[in-house]
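Encoded as structure tokens, the structure appears first; notes follow it.
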Amino acid sequence: MGWSHLLVIQLMVLGVCQHVTGTGQDHSSRPNIIVLLTDDQRWDTVGRMGNPVIQTPNLDRLADQGTLFENCFVTSAVCSISRASIFTGQHMRRHGIADFETPLPGPAFKRIYPMVLQRAGYRIGFIGKWGVGKSAPLPNDQFDYWDGFSGQGKYFDASDPQRIHLTTKMTRSAVWFIRSSASDDRPFCLSVSFKAPHAEWKSFDPKLKTLYEDVELPVTKTVTRKDWESMPWFISTSRNSTKAVNWIKDRSLLQDLMRRYYRLVTGVDMAVGVIRAALDSVGLADNTVIIFTSDNGLFFGEHGLNGKWLMYEEAIRVPLIIYDPRPDHHERVSHVDQMALNIDLAPTILEISGAAPEPGMQGRSLVPLLKGPAKDWRKDWFYENHLSVIIRSEGVRTDKWKYIRYIDREPVYEELYDLAADPHERHNLAERSAHQKTLAALRGRWAHYSVNLK
């Protein structure tokens, strides 16, 4: 059975093929907003980002009709920290979430984008992985619609005899919310936080089990033993390298993992198609802005690494698509090269809604970039990861350079990469005499940010 047939069947099962006329919303009013967040999806696992194999026709269509951000990054490649940054528009050192356990305190919670929109008259919904404060009570009573869970969740519920995949359950929940919003005179903001494509990768939807079966998936040139051996010993022997060494030894293991991961991504892509069809079926498609992104990337053995957490491109770079169908927003650019960050999402959402930005937000609205390059846009940004169970690091990335500082090493270990000449980050220039001026400048930017971003 072909992929397109699977999508049609899913649409029919969810009941979104029938068009419903008449809604309670005034289409000249503020737009609806849907925020779609995946888990551990690296930037290059979307067709329009240059991947020749992965099947993401709905995301590709969304990118074609909207604006694709070619250079979107997270300020910390740890899911809980990044999600807190997405909610608050703040760096870790300001919002204070540096681990998996700590929840957003009450005053900070009131300033996350869903709560701001609720006070501005929006109907707010949340579906999926909450991801901030693993052991704290969930904020289900704060939302108008809640279908979220704590921790990682499971792709399959052991008590479900039908074994419906979690992505499908979440999609059904999103369709229900959209349909119930059609008769509500309030605009809505729905945040859908997928578990996919986070591990466990073997638990993809069985309908996709033959997808990519006989396909050789693209592997980055740094997945080699030489690249692994060139890493500092404290990285090559860390938990960031426990699995990748085996992938280097046996590429079939890596290919099998990637096929499972790609199937999970395609499952999310199918969900995007169903959600858009649901909007169309109730007449809300022309007034609903859709934002698609991820909380961080993932290593597929590059530099001999697995997981995420470190400041290399595979872990910090994510997809970002903003689709705004409103007629007065048709004059837009198709691609943005300037650097966007996860902390930009909250102020972007607030500007789209017409709400004022919250005091203390450190990100910038991306709305101006939808119309073309901004002259005064950021030239660099600050990265930080203080999670105690992994290698703690900070750094600065510019359009051309990357400076990484491993803050627990004595003496401090530094890396410097010329991203224009060395996009795969193979040649650390920190000790090269020819680059000491650049190193000093970026070290200065790190010192400035480390104090002034609190």
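The values are calculated or read from the model by the stated rules, or taken from the named source; none is laboratory data. This is a predicted model, so every value here is computed, not measured. Please note: Cβ atoms are built from the backbone with ideal geometry, for glycine as well, and neighbour counts cover all protein chains shown.
Keeping to region 398-432, report how many residues are in a loop (DSSP other than H, G, I, E, B) and under 16 Å from Asp380 (Cα atoms).
Here the count works out to 4.
Residue by residue, here is whether (1) touching a strand residue (DSSP E or B) at 6+ places or on another chain (Cβ under 8 Å); (2) in contact (Cβ under 8 Å) with a residue 60 or more places away in the chain holds:
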{"residue": "Trp130", "(1), (2)": "yes, yes"}
{"residue": "Gly133", "(1), (2)": "no, no"}
{"residue": "Phe149", "(1), (2)": "yes, no"}
{"residue": "Gln152", "(1), (2)": "yes, no"}
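How many residues does region 285-299 hold that are over 17 Å from the mean Cα position of the chain (by Cα) and crowded, with 24+ Cβ neighbours inside 10 Å?
The number of residues fulfilling the criteria is 1.
Among the candidates Ser238, Ser252, which residue alone is without any contact (Cβ under 8 Å) to a residue 12 or more places away in the chain and either crowded, with 20+ Cβ neighbours inside 10 Å or small (Gly, Ala, Ser) (or both)?
On inspection, the qualifying residue turns out to be Ser252.
For region 204-215, which residues satisfy the criterion of being at negative phi and touching a residue at least 60 places away in the same chain (Cβ under 8 Å)?
Once the filter is applied, which keeps residues that are at negative phi and touching a residue at least 60 places away in the same chain (Cβ under 8 Å), region 204-215 yields Phe204, Asp205, Lys207, Leu208, Leu211, Val215.
Just one of the numbered conditions (1) at pLDDT 95 or above; (2) surrounded by fewer than 23 Cβ atoms within 10 Å (Cβ to Cβ); (3) out of contact with any Leu (no Cβ under 8 Å at 6 or more places or on another chain) is not true of Gln362; which one?
Among (1) at pLDDT 95 or above; (2) surrounded by fewer than 23 Cβ atoms within 10 Å (Cβ to Cβ); (3) out of contact with any Leu (no Cβ under 8 Å at 6 or more places or on another chain), the lone unmet condition for Gln362 is (3).
Report every pair of residues separated by at least 6 positions or lying on different chains whose Cβ atoms are under 9 Å apart, first residue within region 81-108 and in contact (Cβ under 8 Å) with a residue 60 or more places away in the chain, second assigned to a helix (DSSP H, G or I) and among the acidic types (Asp, Glu).
Correct list of pairs: Gly89/Asp344.
Identify, from the list Leu387, Leu350, Leu345, the residue that is in contact with a Ser or Thr (Cβ under 9 Å, 6 or more places away or on another chain), of a type outside the set (Ser, Thr, Tyr) and more than 20 Å from Thr67 (Cβ to Cβ).
Criteria check complete, one pass: Leu387.
Give me a count of the residues in region 433-454 that are touching a residue at least 12 places away in the same chain (Cβ under 8 Å) and either basic (Lys, Arg) or assigned to a strand (DSSP E or B) (or both).
The qualifying residues number 3.
Among (1) in contact with a helix residue (DSSP H, G or I) (Cβ under 6 Å, 6 or more places away or on another chain); (2) touching a residue at least 60 places away in the same chain (Cβ under 8 Å); (3) within 29 Å of Val289 (Cβ to Cβ), where does Ile352 come up short?
(1)
Of the numbered conditions (1) among the hydrophobic types (A, V, I, L, M, F, W, C); (2) more than 20 Å from Lys308 (Cβ to Cβ); (3) in a loop (DSSP other than H, G, I, E, B), Leu190 fails exactly one; give the number of that condition.
Leu190 satisfies all of (1) among the hydrophobic types (A, V, I, L, M, F, W, C); (2) more than 20 Å from Lys308 (Cβ to Cβ); (3) in a loop (DSSP other than H, G, I, E, B) except (3).
With within 24 Å of Pro319 (Cβ to Cβ) and surrounded by fewer than 17 Cβ atoms within 10 Å (Cβ to Cβ) as the only criterion, which of Asp99, Asp64, Asp60 stands out?
Among Asp99, Asp64, Asp60, only Asp64 is within 24 Å of Pro319 (Cβ to Cβ) and surrounded by fewer than 17 Cβ atoms within 10 Å (Cβ to Cβ).
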